[in-house]
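The values are calculated or read from the model by the stated rules, or taken from the named source; none is laboratory data. Being a predicted model, the structure only gives us computed values, none of them experimental. Methodologically, a virtual Cβ is constructed for each residue, glycine included, from the backbone with ideal geometry; neighbour enumeration extends over all protein chains shown.
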2 protein chains.
Amino acid sequence: MSVTAAKGFTAAGIAAGIKENGNPDLALVVNNGPRRAAAGVFTSNRVKAAPVLWSEQVLKSGQLSAVVLNSGGANACTGPKGFQDTHATAERAAEVLGTGAGEVAVCSTGLIGVLLPMDKLLPGVGAAAAQLSEHGGEKAAIAIKTTDTVHKTSVVTGDGWTVGGMAKGAGMLAPGLATMLVVLTTDADLGSDALDRALRDATRVTFDRVDSDGCMSTNDTVLLLASGASGVTPGYEEFAEAVRAVCDDLGQQLIRDAEGASKDIRVEVVGAATEDDAVEVGRSIARNNLLKCAIHGEDPNWGRVLSAIGTTSAAFEPDELNVAINGVWVCKNGGVGEDRDKVDMRYREVHIVADLAAGDATATIWTNDLTADYVHENSAYSS
Amino acid sequence: MSVTAAKGFTAAGIAAGIKENGNPDLALVVNNGPRRAAAGVFTSNRVKAAPVLWSEQVLKSGQLSAVVLNSGGANACTGPKGFQDTHATAERAAEVLGTGAGEVAVCSTGLIGVLLPMDKLLPGVGAAAAQLSEHGGEKAAIAIKTTDTVHKTSVVTGDGWTVGGMAKGAGMLAPGLATMLVVLTTDADLGSDALDRALRDATRVTFDRVDSDGCMSTNDTVLLLASGASGVTPGYEEFAEAVRAVCDDLGQQLIRDAEGASKDIRVEVVGAATEDDAVEVGRSIARNNLLKCAIHGEDPNWGRVLSAIGTTSAAFEPDELNVAINGVWVCKNGGVGEDRDKVDMRYREVHIVADLAAGDATATIWTNDLTADYVHENSAYSS
């Protein structure tokens, strides 16, 4: 049900001709109110795509009536013309929906450094508006796919209210955020401050801890829109937990669909002195190409885990480190532990536990193995 | 000529049976004086192999009579027993050479987390000593290979003095240092302070700027030994330049032999506000898996260069960035520049220039493309 699971929202997804292969490439999500509260988080990359610059600006009001999303082009590194194109997209959506451009966010995804075909995109906004429906969430989720093999949606239901969402993303997945566009909707009756807080709390421990390939996008956007249509104002904790659950589910779907991956790796750091230490160590392990190749080869190579930990500034003593792979403590006290032949690596899920023996803090980072398919997919992407 | 190009040195390389395939795996380099000055730099990984801990300790005296090097096992993450094994190796070498163990450095390379077969290694030290020769440099260089496809040596001759060296390394190549063992020798008549300064000045701009796969080893060691046998004391600048030239040459050889690589990429950052900024940006570009895949596919994907720059804290404005690939300025002022079809990517050498337009500082980082062969080699390494 995606972004139309919550009451007060309509959506559409169409093929506007932006993608040369004719696949769906334009989505529209509309908040029909009565409220139009919204919040957003964006890439921390300093090179930001035009739609990110635009949407950050319009979000300052805490109000959104609609979101236009396109695949088939990231509109990043496209200069003043790229920004004008984003502005024109918002203007066109505002015109056909009878709202102001300052309440329309824009998200784009695809190749960097290419101008969007505005002669296709602008008419597409009108065509999408004509197909808006309370059942359009699925089509919207499909229209934002790039190298995604599946579309991603999630729904959590509260007591009389709902949070739903859609996501795209399959590569360039790294903190700050992963390369992804996410639109979440709710019919809970909440203002933009509560949305903002819940969204930041959720993304910090979900999307920000998905690190498929260490590469940070120019276009990452996560939006949360509230219609108030349920008339219910849930307690903050209850609502925040629902938002976190939807983000967690979508984040897991991103990892499972990561480009070329054959293993999903859960890197759980325990015994850290601080949560920051745990996150730093988790990221270092998750980004170690040699380890990611070893996991691909079903080799429980704990030495590469230790060498990754050794590059961090976290509190630990080398001779107190412990590492378990799929439940077998292959490294104890910085040296050889249980027999590595006991580790069963046949399944897609791989669980690495790194125990720093320095405190009680923990964090989990999600990543993938590094495969020949990843290389192939990303060396042929723009050709 | 390797480590025996300079007068006063003998070396040997033999098959001691450490490697199961019977290839050469043990090297010995001996300084016959009259001086025995030495300096060393080591991995900045906090998880250090036993031979690194040992050699750092013995180097404090500024004196080395010999270096024992083995491939076939890194002796890293091997606990107290591993350190005892390194100590026993130095003791055995000291015994057969008639010196003290405190003047014997030890270097090991191979798989992490496995104890060395000391029943093979210790007799091997005696066997290597029996074959020490002024022409043994080549054999020593061969004996330290792991996944290297070629052995690496280099020599620079001054006015009556010489600097020569050998290196191993083909993967896990990243700053701090690359995964490599390097022994440099000279017959210049210099003390350990001058050697230390020249070595640090050289490695900072050579090995420390080789970043093949972003992975930092537990065993990196670069040693410089001076015999004084030429009787010549060169000026510091002249000597330092020779050490830098040998390090640069060996560093280039490491990059050209990097595991699975099909392209050698020179990332030159110009227009930086500071050298630190230039190095940070260069490393970020060199470590971007998506860009490395694109280069493998001969795709001049400058968008991935910009997204890598955007993750750094260097001084720059996104709309002032310029990027050239193989001489074509494909990105100007943060957007589309010259026609990317003009970029000729057919050759192994690829030259990326990133102009931050923020100052006059520069730095060059050397890296490789990311290939299916790299994945294959590193997923099958320990099996």
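Within the stretch B:280-321, the set of residues being farther than 18 Å from A:Gly214 by Cβ, out of contact with any Gly (no Cβ under 6 Å at 6 or more places or on another chain), free of Cβ contacts under 8 Å to residues at least 40 places away in the same chain and not charged (D, E, K, R) comprises B:Gly297, B:Trp302.
The set of residues from the stretch A:209-238 being charged (D, E, K, R) and within 14 Å of chain B (Cβ to nearest Cβ) comprises A:Asp211, A:Asp213, A:Asp220. Which one is modelled with the lowest pLDDT among residues in the stretch B:259-297 that are part of a loop (DSSP other than H, G, I, E, B) and more than 8 Å from chain A (Cβ to nearest Cβ)? Within the stretch B:259-297, the match that is modelled with the lowest pLDDT is B:Glu259. Would you be able to say whether some residue in the stretch B:171-185 is away from every other protein chain (no Cβ under 14 Å), buried (at least 22 other Cβ atoms within 10 Å of the Cβ), modelled with pLDDT of 80 or more and part of a helix (DSSP H, G or I)? Looking through the stretch B:171-185, none of the residues is away from every other protein chain (no Cβ under 14 Å), buried (at least 22 other Cβ atoms within 10 Å of the Cβ), modelled with pLDDT of 80 or more and part of a helix (DSSP H, G or I). From the list A:Leu224, A:Leu250, the lone residue that is on the phi < 0 side of the Ramachandran plot, in contact with a strand residue (DSSP E or B) (Cβ under 7 Å, 6 or more places away or on another chain), not hydroxyl-bearing (Ser, Thr, Tyr) and not in a strand (DSSP E or B) is A:Leu250. The set of residues from the stretch A:315-327 being in a loop (DSSP other than H, G, I, E, B) and touching a Cys at 6+ places or on another chain (Cβ under 9 Å) comprises just one member, A:Leu321.
Conditions (1) part of a helix (DSSP H, G or I); (2) touching a residue at least 60 places away in the same chain (Cβ under 8 Å); (3) of a type in the set (Gly, Ala, Ser), marked per residue:
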position	(1), (2), (3)
A:Ala129	yes, yes, yes
A:Glu138	yes, yes, no
A:Lys145	no, yes, no
A:Gly160	no, yes, yes
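Given the condition more than 8 Å from every other protein chain (Cβ to nearest Cβ), acidic (Asp, Glu) and free of Cβ contacts under 8 Å to residues at least 40 places away in the same chain, answer yes or no: does some residue in the stretch B:330-339 qualify? There is at least one residue in the stretch B:330-339 that is more than 8 Å from every other protein chain (Cβ to nearest Cβ), acidic (Asp, Glu) and free of Cβ contacts under 8 Å to residues at least 40 places away in the same chain.
Kindly establish whether A:Ala188 is in a helix (DSSP H, G or I), touching a strand residue (DSSP E or B) at 6+ places or on another chain (Cβ under 9 Å) and buried (at least 24 other Cβ atoms within 10 Å of the Cβ). In short, no. Taking the listed residues B:Val52, B:Val68, the one that is more than 14 Å from chain A (Cβ to nearest Cβ), closer than 23 Å to B:Ala141 by Cα and under 18 Å from the mean Cα position of the chain (by Cα) is B:Val68, with no other qualifying. If a residue has to be loosely packed, with under 15 Cβ neighbours inside 10 Å and away from chain B (no Cβ under 14 Å) to count, how many in the stretch A:352-383 make the cut? Residues meeting the conditions: 1. Name the residue that is surrounded by the most Cβ atoms within 10 Å (Cβ to Cβ), counting only residues in the stretch B:33-78 that are of a type in the set (D, E, K, R) and either over 28 Å from B:Pro123 (Cβ atoms) or touching a Phe, Trp or Tyr at 6+ places or on another chain (Cβ under 9 Å) (or both). Checking each candidate, the answer is B:Lys48. Suppose the filter is aliphatic (A, V, I, L, M), over 14 Å from B:Val41 (Cα atoms) and at pLDDT 90 or above; does B:Ala188 pass it? Answer is yes for this residue. Check the stretch B:317-325 and report whether any residue there is facing chain A (nearest Cβ under 7 Å), crowded, with 24+ Cβ neighbours inside 10 Å and under 16 Å from A:Ala74 (Cβ atoms). No, the conditions are met nowhere in the stretch B:317-325. Here B:Gly113, B:Gly160, B:Gly164 are screened, and the one residue that is over 21 Å from the mean Cα position of the chain (by Cα) and within 30 Å of B:Ala286 (Cβ to Cβ) is B:Gly113. Candidates A:Ser307, A:Ser230, A:Ser217: the one that is buried (at least 24 other Cβ atoms within 10 Å of the Cβ), of a type in the set (Gly, Ala, Ser) and in a loop (DSSP other than H, G, I, E, B) is A:Ser217. Checked against (1) aliphatic (A, V, I, L, M); (2) part of a helix (DSSP H, G or I); (3) buried (at least 24 other Cβ atoms within 10 Å of the Cβ), B:Ala240 meets all criteria but (3). Of the residues making up the stretch B:342-349, at least one is among the aromatic types (Phe, Trp, Tyr), surrounded by fewer than 20 Cβ atoms within 10 Å (Cβ to Cβ), closer than 18 Å to B:Ile255 by Cβ and not assigned by TED's automatic domain parsing to the domain that holds B:Val114.
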